[in-house]
Amino acid sequence: IAEGVDVICGIAMLIQDEPSTVSSIQCLFAAGLYTHDQKKREAIVQLIDEHQARIAWPVKSLSEELRTEWAESDAR
């Protein structure tokens, strides 16, 4: 899983066009659900925020939702 997360993040770092950015946000969120390393979590959050800003995402930040998921899973 860790290797898959790294691949997703690597691809996300290279994406520039809007349709791919939308798909990338969803993939980053899903990858983040399976990430336990704090540095990787912060990198994923940063990528999600950058992608959302690029396309003017109109809803609550998915990085906030991801942080909530992490807090709940870490508490278990």
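The values are calculated or read from the model by the stated rules, or taken from the named source; none is laboratory data. In this text, all values refer to a predicted model and were calculated from it rather than measured experimentally. Neighbour counts are summed over all protein chains in view; Cβ atoms, including those assigned to glycine, are modelled from backbone coordinates with ideal geometry. Surface accessibility is based on the protein's heavy atoms, side chains included, excluding ligands, DNA and RNA. Shrake-Rupley method; radii C 1.70, N 1.55, O 1.52, S 1.80 Å.
Observations on the model:
- Meets criteria (in contact with a helix residue (DSSP H, G or I) (Cβ under 6 Å, 6 or more places away or on another chain) and modelled with pLDDT of 95 or more) for residue 11: no
- Residues in the stretch 1-14 that are open to solvent by 80 Å² or more (accessible area, probe 1.4 Å) and within 22 Å of residue 72 (Cβ to Cβ): 1 only.
- Tallying residues that are under 14 Å from residue 67 (Cβ atoms) and aromatic (Phe, Trp, Tyr) within the stretch 2-48 yields 1.
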